[in-house]
Every structure is written in structure tokens, then in C-alpha cells.
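Novice: Once you've had a glance at the structure underneath, I'll fire off some questions.
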């Protein structure tokens, strides 16, 4: 069985480093980009099993990227975990409405993030 892969789309380096460490430690392959536009390029190059997607991004927003993933036949099976710092109920509902599989608000515990990533990836196995 091949290693599951995660595309991390996060523009803040310190957050991206922490998330990359956690995802790598859980045993998953990782690629990181820092904008919504770069996320679309990365998705076209290589289909990941999961996209961990920040809402507030340069280029395209996380909501736009999620909508584009859901409209693309090639990417239909990709899981999407959206994360945001401005996490009111409105943002969560919007994220779920555009097709996110899960939504987390920063700050979140490392255990919660790892558990969510593992659950999403195992679900799609």
C-alpha cells in the first residue's frame, strides 16, 4: 500500500512548519504551498489524498479552492480539511457548504489535528 499524501495550503510559515511536523510524524507524505493559486497548480500536478486548507490565503481563498476541487472530476475523492483563525459558526457553515469534509478553528490542539487528519485519511482508505 502506498503512502497517503497531504497537500498543506498555509501562508503563515510558523503554522505551516508546525502542521508539517505533525502530519509527517503521523507517517504521511507532505507537500506545502502558500497560496490558493499555488494549490491549484499543485493539485493539477499530483493528486493528494487530503488537502489541509487555510481559509485566508493570497490568490484564491480556501473557499474558492475547495469549490474548485469539488467541481473537478479528477479530484472528487480528495478529502478537504479547512482551517481558519476567524472561526465563527458562519465560517464553519460556509466551509461545509462549499464541500469541506471537516473544519477546524485555530488555535487547535496538536492531538485534535492529528486525530482529524488520520480519521479523514483512514476513512478514504
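Novice: Sort 105, 84, 110 so the one with the fewest other Cβ atoms within 10 Å of its own Cβ comes first.
Specialist: Exposure proxy ranking, most exposed first: 110, 105, 84.
Novice: Here's a follow-up. Could you put 49, 54 in order, starting from the residue whose Cβ has the fewest other Cβ atoms within 10 Å?
Specialist: 49, 54
Novice: Okay, moving on. Please give the contour-minus-distance gain from residue 31 to residue 115: 0.36 nm per residue of separation, less the Cα-Cα distance, rounded to one decimal in nm.
Specialist: 28.3 nm
Novice: With a Förster radius of 35 Å, plug the Cβ-Cβ distance of residue 67 and residue 21 into 1/(1 + (r/R0)^6) and report the FRET value to the nearest 0.05.
Specialist: After rounding, the FRET efficiency stands at 0.75.
Novice: If you don't mind, another one. Using a 7 Å offset from the Cα along the Cα-to-Cβ direction at both residue 93 and residue 47, what is the distance between the two label points in nm, to one decimal?
Specialist: That separation, rounded to one decimal, is 3.3 nm.
Novice: Using a 10 Å cut-off around each Cβ, can you sort 118, 66 from fewest to most neighbouring Cβ atoms?
Specialist: Lowest count first: 118, 66.
Novice: Okay, moving on. Given just the C-alpha atoms of the chain, how large is their convex hull per residue in cubic angstrom?
Specialist: So the per-residue Cα hull volume is 94 Å³.
Novice: Something else now. For segment 12-69, what does the equivalent ellipsoid look like in terms of its semi-axes, each the square root of 5 times an eigenvalue of the Cα gyration tensor, given largest first in whole Å?
Specialist: Each semi-axis is the square root of five times an eigenvalue, giving 19, 14, 9 Å.
Novice: Rounded to whole Å and sorted largest first, list the principal axis extents of the Cα atoms in segment 54-93.
Specialist: On the principal axes, segment 54-93 reaches 31, 21, 12 Å in Cα extent.
Every number in this text was worked out from the coordinates using simple rules, so none of it is lab data. All figures in this text were calculated on a predicted structure; none of them were measured in a lab. Virtual Cβ from ideal backbone geometry, glycine too; neighbours counted across all protein chains shown.
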